[in-house]
Amino acid sequence: MPDEVARLGIQFPGYDPMFYAAAVAAATRDLGIVVTSSTMVEAPYATARRFATLDRVSGGRVGWNVVTGSSQASVAKLFGHGEMTAHDDRYAIADEFVDVAVALWESTWEDDALRKDVETRVYIDPARLHPLDHHGAHFDVEGVLSIPPTPQRTPVLFQAGTSDRGRDFAARNAEAVFVQGRTIPTARGITDDIRARAVAQGRAADDIRIVSGATVVVGRTEREALEKREEFLSIRDLDAAAVIYAGYTGIDLRAYDPDAPLPVTSTEQGQSALNRYLLPGRPVPTPREILTDFQEKSGRGFQIWGTPEQVADELVATLADSGLDGYMLEPTVGSIDAYRDFIELVLPILRERGAVPPPEHGRTLRERLFPGRGPRLGAQHPIVAAARAVADGANAPAL
């Protein structure tokens, strides 16, 4: 499989996003910047320091997309972690990882610890620093974060796994969740379930913003939009689809009878990408059916195309009926031009209809996602109590 991945150029090259994020922060004023970082191949302290640095240089515009590493099978040995950890165990590790990172951000510095007092020659008041002494099931972390509190302290916590265990993780930890709705009923089912789990965790239903991927192809005419869409679909073949799907799930669909029901119902990698095709009350699909669908959609969300007005109509209607809070625009052919077309042709229509608020300068990412709640992680968030327990030397219970 690695030879095919290299030959087809799938997810290569893989640059470190943190460096690009810093460059984007320097070149922009208001754009929120969300970076994916894994709890399986990183360490809590290093992650906390990187995101605190980025939150500082960006003025509080940073989010952390917490992933447990669905493709860990292909990268674990590169990071010296041996064999892949079981799916649900990865989430247990992630719970503790996030607790420790948040404790470093929220609990090791008092707000006024940074004195910068020239007369008394006190730069930092040691009495206002509170080192962690955490010895948990998966991590041992002692000490203080080396960076003073940043505008958000904790970056906005994003998450993208929608397996059953992933939804529990989202309900406990996430402030925003990426999903792939595809259809309005599917999206509504996911959003209602995640919000119900959040309420069971003692949170409010609107404490989580849920965002679906959307592949948007816009043309000044229907014909132009159709031609762009056909061009996009023409570059995808079944071979590449099979390689990508195997990378997501660890399942090579070409190894099974293409026209018999898929015999696999679980995986230790990307369970969400498998669950997308194993729907209650529906026949189990064949590998050929999965690949044909995946060839077109490739793990994408809603497929929307048309003139600017048609695209805007469908985006607004889908949002209203699905329970979603927004969209993540997925790349298509000529991604830069596609994004530019959306900004120039569709965004003004959405603003006119009140679907997109006017730009606001000088606010943190958290304040823009949750107006009126301030830049800090709210005290009502259950992870604040978990982080406090870590700071006090106790182990918070994991789901």
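Bear in mind these aren't lab numbers, they're just calculated from the coordinates by the rules spelled out. Just so it is clear, the model here is predicted, and its values are computed rather than measured. Ideal geometry is used to build each Cβ from the backbone, glycine not excepted, and the neighbour counts take in all protein chains shown.
Take the Cα of ARG209, step 7 Å along the line toward its Cβ, and report every residue of segment 312-341 whose backbone nitrogen sits under 15 Å from that point.
324-329
By how many nm would the segment from ALA320 to ASP89 lengthen if fully extended, with 0.36 nm per residue of separation less the alpha-carbon distance?
Between ALA320 and ASP89, full extension yields 79.6 nm more.
When the helix-only estimate is applied to the chain (DSSP H runs of n ≥ 4, each -39,500 (n - 2.57), divided by the residue count), what is the mean residue ellipticity at 222 nm, nearest 500 deg cm²/dmol? All intermediate terms of the calculation are to be shown ahead of the outcome.
On the way: 16 runs with 169 residues, N = 399.
When only DSSP H runs of four or more count, the value is -12500 deg cm²/dmol.
Just subtract the alpha-carbon distance of GLU42 and ARG288 from 0.36 nm times their residue separation and send over the number in nm, one decimal.
84.9 nm
Starting from the Cα of THR28, step 7 Å along the direction of its Cβ; do the same at ARG368; then give the gap between the two resulting points in nm.
So the label points at THR28 and ARG368 sit 0.7 nm apart.
Please check which bits of segment 302-340 a label hung off GLU231 would reach, taking the label as a point 7 Å along Cα-to-C-beta and the cut-off as backbone N under 18 Å.
Counting only backbone N, you get 304-308, 330-340.
Can you work out the FRET efficiency for the pair LYS116 and TYR339, with r the C-beta to C-beta distance and R0 = 41 Å, to the nearest 0.05?
E(calc), rounded to 0.05, equals 0.45.
Taking the Cα atoms of the chain, report the difference between the largest and smallest coordinate on each principal axis, in whole Å and largest first.
That works out to 73, 50, 41 Å along the principal axes.
Label segment 203-347 by shape, choosing from rounded, prolate and oblate, from the square roots a ≥ b ≥ c of the eigenvalues of the Cα gyration tensor; if a/c is under 1.5 it is rounded, and otherwise prolate applies when a/b is larger than b/c, oblate when it is not.
Oblate, since a/c reaches 1.5 and b/c is not below a/b.
Calculate the length of the line joining the C-alpha centroid of segment 298-350 to that of segment 154-197, in whole Å.
With segment 298-350 and segment 154-197 each reduced to a Cα centre, they are spaced 20 Å.
Please report the antiparallel percentage of the DSSP beta bridges confined to the chain, to the nearest 5. Walk me through the numbers on the way to the answer.
Numbers: 7 of 32 bridges.
Restricted to the chain, the bridges split so that about 20 percent are antiparallel.
Return the long-range amide H neighbours of LEU132 (sequence gap of 5 or more, or a different chain), with a cut-off of under 5 Å between placed amide H atoms.
Amide H neighbours of LEU132: GLY143, VAL144.
Tell me which residues come under 5 Å, amide H to amide H, from VAL217 once H is placed; ignore anything under 5 positions away on its chain.
ILE304, TRP305, GLY306
Just to be sure I understand the curve: with the Debye formula and one point per C-alpha of segment 155-194, what is log10 I(q)/I(0) at q = 0.14, 0.22 Å⁻¹?
Each listed q corresponds, in turn, to -0.27, -0.64.
For labels at HIS138 and PHE79 in the simple 7 Å Cα→Cβ model, what's the distance in nm?
1.0 nm
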